[in-house]
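Here's the structure we're looking at; comments come further down.
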Amino acid sequence: MWGAAVKAVCGEYRIHNADVHLRDDCDVDDLVDVIEGSRVYIPAIYVINKIDQITLEELNVLCKLPHYCPVCAYHEWNLDGLVDMIWEYLDLLRIYTKPKGKLPDYNDPVVLPKTHCTVEDFCNRIHKGILKQFKYSLVWGTSTKHRPQKVGKEHTLEDEDIVQIIKKI
């Protein structure tokens, strides 16, 4: 039944050869919106507050639903979970800087999108002129095999990596 509906909708828009992949629960209106390009779907997080006033069974049901984050602002329950969920949905990385001879600065990370997260993107985010003097960088974190590892500007960084830039003399 659903295949016939998809074929009929695609036929109305003169799409005769197509692979249609449906990933979420959707209906015919959603398919039309995607084909026409009239709607843009953005990710959302539903934050449910006052979870201290519901039963444990209701809380278990809420935790199984997608895009929901139960919190209690009064008791400060699950606020860290909400922050983690926001970072995950925004698809951003936190990259920490390490000046030579000092400890890493964990208070002010450089924030990069996951689509542009190379050492070159990191340098450009700090200052455009750094790449002219760039020699290599030392990286600590999950993106490297050794700690620290000497990498070039094309190295892809991961969340919470620590980067120290070495300049040409």
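The values are calculated or read from the model by the stated rules, or taken from the named source; none is laboratory data. Because the structure is predicted, anything quoted here is derived from the model rather than measured. Quick reminder, even Gly has a Cβ in these numbers, built from the backbone with ideal geometry, and neighbours come from all protein chains shown.
Some notes on this structure:
- So Cys63, is it within 23 Å of the chain's Cα centre (by Cα) and either surrounded by 10 or more Cβ atoms within 10 Å (Cβ to Cβ) or at pLDDT below 90 (or both): yes
- Residue selected from segment 130-145 under the condition under 18 Å from Glu158 (Cβ atoms) and exposed (fewer than 13 other Cβ atoms within 10 Å of the Cβ), by the criterion nearest to the chain's Cα centre (by Cα): Thr142
- For segment 103-130, the set of residues classified as part of a loop (DSSP other than H, G, I, E, B), closer than 30 Å to Val47 by Cα and in contact (Cβ under 8 Å) with a residue 40 or more places away in the chain consists of Cys117 only.
- Residue in segment 10-30 that is surrounded by 10 or more Cβ atoms within 10 Å (Cβ to Cβ), closer than 21 Å to Glu88 by Cβ and touching a His at 6+ places or on another chain (Cβ under 8 Å) present: no
Every residue, every condition in (1) of a type in the set (Lys, Arg); (2) out of contact with any helix residue (DSSP H, G or I) (no Cβ under 9 Å at 6 or more places or on another chain); (3) in a helix (DSSP H, G or I), yes or no:
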{"position": "Asp84", "(1), (2), (3)": "no, yes, yes"}
{"position": "Trp87", "(1), (2), (3)": "no, yes, yes"}
{"position": "Tyr96", "(1), (2), (3)": "no, yes, no"}
{"position": "Gly101", "(1), (2), (3)": "no, yes, no"}
{"position": "Lys132", "(1), (2), (3)": "yes, yes, yes"}
{"position": "Leu138", "(1), (2), (3)": "no, yes, no"}
{"position": "Lys145", "(1), (2), (3)": "yes, yes, no"}
{"position": "Lys153", "(1), (2), (3)": "yes, no, no"}
{"position": "Ile166", "(1), (2), (3)": "no, yes, no"}
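Residues are listed down the side, and each one gets a yes or a no for (1) surrounded by fewer than 17 Cβ atoms within 10 Å (Cβ to Cβ); (2) in contact with a helix residue (DSSP H, G or I) (Cβ under 7 Å, 6 or more places away or on another chain); (3) of a type in the set (S, T, N, Q):
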position: His75; (1), (2), (3): yes, yes, no
position: Leu90; (1), (2), (3): yes, no, no
position: Lys128; (1), (2), (3): yes, no, no
position: Thr156; (1), (2), (3): yes, no, yes
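- Residue match in segment 72-81 (condition: outside any helix (DSSP H, G or I), farther than 19 Å from Ile166 by Cα, touching a Lys or Arg at 6+ places or on another chain (Cβ under 9 Å) and of a type in the set (Asp, Glu)): no
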